[in-house]
Number of protein chains: 2
Amino acid sequence: MATQKVATSTIHPLAPLSASEITSVASIIKTSWPAHTDLHFKAITLEEPPKIEVLKYLEAEHGNKSLPSINRKAFINYYIRNTNKFHEAVVDLTTGRVDSNVLLGPFVHAPGDGEEIVAIEKIALEDEGVKAEIAKLQLPEGTQVISDPWIYGSDGVNDSERLWQCFLYLRDPLNPSEADSNHYALPIPISPVICGVTRKVVRIDLLPTGADNTIKPTQKYKIQPPNEYVPEYQKLRTDLKPLNVVQPEGASFTVTQDGTSNILSWQKWRFRVGFNQREGMVLYDVRYDTRPLFYRLSLSDMNIPYADPRHPFHKKSAFDLGDVGAGLMANNLQLGCDCLGSIHYLSSVLSNDTGSVTSMPNVICIHEQDAGIGWKHTNYRTGRAAVVRNRELVLQTIITVANYEYILAWLFNQAGEVTYEIRATGILSTQPIDEGVEVPFGTVVHPGVLAVHHQHIFSLRIDPMLEGPNNRFVYDEAHAMPRSAFNPHGTGYTVSETLVSTSGGYDLDFSTNRVFKIQNTSVRNPINGKPVAYKIQAPEFQKMLSDKESFNYKRAEFADHNVYVVRHRDGELFSGGKYTNQSRGGTGVRSWAERKEGVVDTDIVVFVQAGINHVPRIEDFPVMPCEIMKIHLKPVNFFDRNPALDVPPSEQRFNKSVALSTQHHQPSVVATVGEDGKTCCASTGSKLQCRNMVDTRV
Amino acid sequence: MATQKVATSTIHPLAPLSASEITSVASIIKTSWPAHTDLHFKAITLEEPPKIEVLKYLEAEHGNKSLPSINRKAFINYYIRNTNKFHEAVVDLTTGRVDSNVLLGPFVHAPGDGEEIVAIEKIALEDEGVKAEIAKLQLPEGTQVISDPWIYGSDGVNDSERLWQCFLYLRDPLNPSEADSNHYALPIPISPVICGVTRKVVRIDLLPTGADNTIKPTQKYKIQPPNEYVPEYQKLRTDLKPLNVVQPEGASFTVTQDGTSNILSWQKWRFRVGFNQREGMVLYDVRYDTRPLFYRLSLSDMNIPYADPRHPFHKKSAFDLGDVGAGLMANNLQLGCDCLGSIHYLSSVLSNDTGSVTSMPNVICIHEQDAGIGWKHTNYRTGRAAVVRNRELVLQTIITVANYEYILAWLFNQAGEVTYEIRATGILSTQPIDEGVEVPFGTVVHPGVLAVHHQHIFSLRIDPMLEGPNNRFVYDEAHAMPRSAFNPHGTGYTVSETLVSTSGGYDLDFSTNRVFKIQNTSVRNPINGKPVAYKIQAPEFQKMLSDKESFNYKRAEFADHNVYVVRHRDGELFSGGKYTNQSRGGTGVRSWAERKEGVVDTDIVVFVQAGINHVPRIEDFPVMPCEIMKIHLKPVNFFDRNPALDVPPSEQRFNKSVALSTQHHQPSVVATVGEDGKTCCASTGSKLQCRNMVDTRV
């Protein structure tokens, strides 16, 4: 593992903004306003150059030719502080000039940010009306009330203003000094609404706690036992032995720092890693053995609509990327806690509300992992086994969205495959429920605590460049052959390919084994003449349940189809639209697809959705075990054979496994037997590997 | 890790037959025939006692009460050698008597075995007619022809006799001394058919090699380049660094040998591991924290029908468990090759054709693995993260089925979850194709080589005993609420449960998020009153494509539904029927389900299917990268909270991760920084973990 700095005078067009660039941009924007205008910055981030320009740059970069000059630009949005004047600007850092700076129209609202969320929490709790309502609960002296601000959501009812809905909880009243008490185990039925402009409580919603939507006056709160997740409240298991991942010669990857971005090289893979406020980790210019595969890979959006139809819960429909930002919420990953083995960390910088720089240390961890056997075959006639392990490269980022976390990772393997893995964990968003009540839209996970069903729908953006920027989108289906003289026994079936000619949303169909592929017909497989392709393996899931007239449906423009394919347009990165906070639809991928543009042998972008309908189990509380989703991208006739065929065989001299003693807890002397490699299955002199079909009588 | 022998005078009723028991049984059966009758044994295996008796035994075993006496019995099947007289017998080892011994009717054929397969290979190649046909290929002197015997399959056309179909291939003619040459890269169009009784070639099929079913006379064979998979023919990668898994204090599990079976204890899990010829690894009496979960878990069957409708390929429809046996084909697993880390191996014994004992060393490997983060939550207000890793226990077995391999594993985790993982790898079954020809039922993977599309459909048998032997089978579905005063914005949805009252086949439906659960309504969750349950998470797949009148469909009785639920009957273990070789249907799970028995609060068995329609890519040749399928069993309201909450926090002092240097390939001095645990996220004094929503301005 080597990190080295590239000596370049130019900044790479896909490199995130540096700290000094962020500061310059803020200064340029501030200067464009009268002195002492107080701006509340929401984002200062890289304005990626037009793809067509970047492609030329990449061609020069990979061809070691002289690099074209591309102006460096930043995208900014901001409020005039304490107003609803929301602006969007582009600053050209190369010229030092403001390219554009416009006030955005009505119904366009900025995401939350760190300063604001902390402020809103406080406003909710310090409001005299809220205090009076809380007093009716007759809580023990010293009880800590916690306020979780939620993006207000949209339903078209008096929601043109930018608002916040706070849900309130208690820390364990019997243990009030415990700052890490799980307040989600003690929800209270009071929910203040706060104006984002005036920062005042505009309304206090009381929450329904029965089976219907009756609102009862606030009354004495029955204090239930706590349900803590931090380890000092558990009787921890004592029988787990350490398991260490050791790379005595270091890791197999190389990170080359190039300004604010990093070039990663590993096992014929090569790509550039970026990071921004909205998407967090972004991969650019992904190549295998120098062959271009993907221009840009990123998590584009996610939506989490909740099942409780009662006010104000019906507005719970989070877009965590657009409402806050996966970059802004990225955890500072810690050695030995979040990643196991030999780890390289990437850090970044983002802007904050004042236009200053926020340091984002260790937002991405990079390591290798063993993923079991990669491929194996035993020749039963000779007993010789050939086996390789599947080593993976992992780039992981973890985001905390108030109660919930997502562990997001790109995985690369030695067979030319890329996987996007989503782990959902963290704490369920809870609300109070009366004892003895059951509802069909949620699960009681603790006395007095309801965890409402909700969907998690993720949208992965795949901007391909398989052997060049012009690709097409097709799908294979398998169909039974009709009976005929050619198929007299009714056993035959065929696979046919269908070309997707216009932009749109398309769905999986397991009854026909429908498999989507990104293809380049101008490059053919040298053996079988098929166009080179990558297929998409995505899990099936239940699409958005909210009805088609609902705001939920209109806003989550990606949530109704397994895939969307559209013609590429610069700036169309976010499948739920650029501004999701209190959005009203019409600005995301469904709208782009409705242009019905041709998508054959042109610059296309594919959005792949995955999801779960999370019907909470009590086992998901107080923190849920990870639920894992994976989207795979796998080569189809892109190579001329298994690309992992050249992985060195899995051998004991390399793997240094240990045979456990049959008598002792400790690894035994047997451990050393294999170390000369003699027991290894790949050595020709090895013992008969496979007993199948071989007569083993002596 | 400790292995210790239990001192018992009685043999556990679920323990596999010992070597001496196998020998005794063979001797008892031989004695039942006139002297010198030559018997060809196909199986000598444990006849499991009636479940009702074993349940009483288990109750006594776990209650430390005196153990009931259960007679020890063996199941045997055999031919009078070189006849079609196929017998099935049960021997009582306790009394030394033959309980039953019957000649089986027509259309019932035994599986292949090691002796037979090697013999059939040889017969095909030594036949004068076959030699004459091969001569027409005009192969270079010294070319090695390889014969792969296939189970004949059924189509109702002159297939009442027990037959073998051999497919022939060449080792690389230019390198004839290479015994591990990949002959599947050089298929020839000659296919001898051999009688299982007379062991003579009864017919030589010539294979169609064009796009239609024309058969051309055998002609000079065009020798294409080889496509080898063994490492000495590859230019191996040189940039992969070692990755070792080290458990300095040994592993966390305990294996207690109890006669021929083994009791495994790990992280509150406890179960018994068995092994037999047909199913290979079987788990019995699976309990978590002493609570019963599963009486028996096993891979019940699999079927691999091929898409080419042309004779004789239309008969390619393998049932690898019933046609040969997952136990018989189990690999002898090698340290450092097939498993990484600290490994414990289990060995077993099986019978062979003479009734003698075949030693089966290292057929199961057991180890722990790290499976990433188990759960995590960061309190953004305090910055404190709580995180645990997900340690898994793996029991792995690998089977080689001539060209193909399956890596089969049970995985247990600390959250009460069980996963069955299937990895498909090995070499595609190939056939010759004329150059320039394309067919819609296969992919050209090498010049002159067609890999035909095929389905892999697996059937997992789950015999539950959730908190007792009487369980029910239900499914949840999520449905949108209609608009109403209660659901004015069209966002609500509910989850409802449907009881499955009669035995039958049932299907997944992602449009309703249908989730199957095994439930015990007599035991309720103490918090929310819901019945304890385990849900089944299985991937969707395309069901059997062969039409409903086909022999393929009739034989693979499990291949048409995602799940089957039936009332338990002793002996009904194999969802494709007891004898799959040239079977004709009517003896598997579809037939059992058609009894339409009540399955509510009774002793039920669930068969869960998973599969892939394998449309070969050139990347799947010469050995395919693993394709992975997983079936998960997860608790639903079975515990009263996340059962992994008591897993010790993920800490650097335990995990000993290494921060990679920014300058060097080697792990750096930074590696030791975290070793005192101070950087660890779970320690209360830790640095702020999570940047989200926290104002980080200084």
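Before moving on, here are some points about what is shown:
- Tallying residues that are within 13 Å of chain A (Cβ to nearest Cβ) and either within 16 Å of B:Glu121 (Cβ to Cβ) or not polar (S, T, N, Q) (or both) within region B:149-165 yields 9.
- Residue match in region B:352-372 (condition: in contact with a helix residue (DSSP H, G or I) (Cβ under 6 Å, 6 or more places away or on another chain) and buried (at least 23 other Cβ atoms within 10 Å of the Cβ)): no
- Checked against (1) within 9 Å of chain B (Cβ to nearest Cβ); (2) over 27 Å from A:Asn613 (Cβ atoms); (3) part of a strand (DSSP E or B), A:Gly529 passes all but condition (3).
Matching residues to (1) more than 28 Å from B:Thr419 (Cβ to Cβ); (2) within 10 Å of chain B (Cβ to nearest Cβ); (3) crowded, with 19+ Cβ neighbours inside 10 Å; (4) modelled with pLDDT of 95 or more:
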position	(1), (2), (3), (4)
A:Val589	yes, no, yes, yes
A:Lys596	yes, no, no, yes
A:Val600	yes, no, no, yes
A:Glu627	no, yes, no, yes
A:Arg653	yes, yes, no, no
A:Lys678	yes, no, no, no
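- All conditions in (1) under 27 Å from the mean Cα position of the chain (by Cα); (2) not in a strand (DSSP E or B) hold for A:Ile76, with the sole exception of (2).
- Any hit, region A:512-521, residues being of a type in the set (Phe, Trp, Tyr), in contact (Cβ under 8 Å) with a residue 12 or more places away in the chain, more than 8 Å from chain B (Cβ to nearest Cβ) and under 23 Å from B:Ala538 (Cα atoms): yes
- Considered as a group, the residues in region B:544-578 that are without any contact (Cβ under 8 Å) to a residue 40 or more places away in the chain and within 14 Å of chain A (Cβ to nearest Cβ) include one that is surrounded by the most Cβ atoms within 10 Å (Cβ to Cβ), and that residue is B:Ser550.
- Candidate set: region B:200-237, residues that are within 14 Å of chain A (Cβ to nearest Cβ) and not in a loop (DSSP other than H, G, I, E, B); chosen: the one nearest to A:Glu651 (Cα to Cα): B:Pro231
Matching residues to (1) among the small types (Gly, Ala, Ser); (2) surrounded by fewer than 19 Cβ atoms within 10 Å (Cβ to Cβ); (3) more than 21 Å from the chain's Cα centre (by Cα); (4) not assigned by the TED database to the domain that holds A:Gly372:
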{"residue": "A:Pro208", "(1), (2), (3), (4)": "no, no, yes, yes"}
{"residue": "A:Lys216", "(1), (2), (3), (4)": "no, yes, yes, yes"}
{"residue": "A:Gln224", "(1), (2), (3), (4)": "no, yes, yes, yes"}
{"residue": "A:Arg237", "(1), (2), (3), (4)": "no, yes, yes, yes"}
{"residue": "A:Val273", "(1), (2), (3), (4)": "no, no, no, no"}
{"residue": "A:Arg278", "(1), (2), (3), (4)": "no, no, no, no"}
{"residue": "A:Leu293", "(1), (2), (3), (4)": "no, no, no, no"}
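- Residue match in region B:364-381 (condition: outside any strand (DSSP E or B) and in the same structural domain as B:Asp285 (by the TED database)): yes
- Residue check for B:Asp308: in contact with a helix residue (DSSP H, G or I) (Cβ under 8 Å, 6 or more places away or on another chain) and touching a residue at least 24 places away in the same chain (Cβ under 8 Å): yes
- Selection within region A:1-20 - at pLDDT 80 or above and either out of contact with any Leu (no Cβ under 8 Å at 6 or more places or on another chain) or within 14 Å of chain B (Cβ to nearest Cβ) (or both): A:Ile11, A:His12, A:Pro13, A:Ser18, A:Ala19, A:Ser20
- Qualifying residue in region B:487-500 (condition: within 33 Å of the chain's Cα centre (by Cα) and closer than 30 Å to B:Lys315 by Cα): no
- In region B:205-217 there is no residue that is in contact with a helix residue (DSSP H, G or I) (Cβ under 6 Å, 6 or more places away or on another chain) and touching a residue at least 24 places away in the same chain (Cβ under 8 Å).
- Matching entry among B:Tyr345, B:Tyr295 (being assigned to a strand (DSSP E or B) and facing another protein chain (nearest Cβ under 9 Å)): B:Tyr345
- Residues within region A:360-401 that are on the phi > 0 side of the Ramachandran plot and either more than 8 Å from chain B (Cβ to nearest Cβ) or at pLDDT below 95 (or both), tallied: 2
- Just one of the listed residues (A:Ala307, A:Ala326, A:Ala318, A:Ala330) is buried (at least 23 other Cβ atoms within 10 Å of the Cβ), more than 27 Å from A:Val118 (Cβ to Cβ) and either away from every other protein chain (no Cβ under 11 Å) or not β-branched (Val, Ile, Thr) (or both), namely A:Ala307.
- Restricting attention to region B:259-292, the residues that are assigned to a strand (DSSP E or B) and within 30 Å of B:Asn77 (Cα to Cα) total 16.
- Hits in region B:266-282 (condition: of a type in the set (Gly, Ala, Ser) and under 16 Å from B:Ser575 (Cα atoms)): B:Gly280
- Any hit, region A:219-242, residues being among the β-branched types (Val, Ile, Thr) and closer than 22 Å to A:Ala409 by Cα: no
- Every pair of residues 6+ apart whose Cβ atoms lie under 8 Å, when the first sits in region A:106-133 and is closer than 20 Å to A:Val401 by Cα while the second is among the hydroxyl-bearing types (Ser, Thr, Tyr) and at pLDDT below 95: A:Gly114/B:Thr696
- Residue, surrounded by the most Cβ atoms within 10 Å (Cβ to Cβ), within region A:472-502, restricted to residues that are of a type in the set (S, T, N, Q) and facing another protein chain (nearest Cβ under 7 Å): A:Thr491
- All conditions in (1) in contact (Cβ under 8 Å) with a residue 60 or more places away in the chain; (2) more than 9 Å from chain A (Cβ to nearest Cβ); (3) part of a strand (DSSP E or B) hold for B:Gly355, with the sole exception of (3).
- Residue match in region B:439-454 (condition: away from chain A (no Cβ under 14 Å), surrounded by 17 or more Cβ atoms within 10 Å (Cβ to Cβ) and within 28 Å of B:Gln609 (Cα to Cα)): no
- For region A:591-636, a residue qualifies if it is under 20 Å from the mean Cα position of the chain (by Cα), charged (D, E, K, R) and closer than 28 Å to A:Lys554 by Cα, and the qualifying residues are A:Glu627, A:Lys630.
- Going through (1) closer than 26 Å to B:Asp463 by Cβ; (2) of a type in the set (A, V, I, L, M, F, W, C); (3) part of a helix (DSSP H, G or I) one by one, B:Val91 falls short only on (3).
The values are calculated or read from the model by the stated rules, or taken from the named source; none is laboratory data. Computed from a predicted model, the values in this text were never measured in an experiment. No Cβ is skipped: glycine too gets one built from the backbone with ideal geometry, and neighbour counts run over all protein chains shown.
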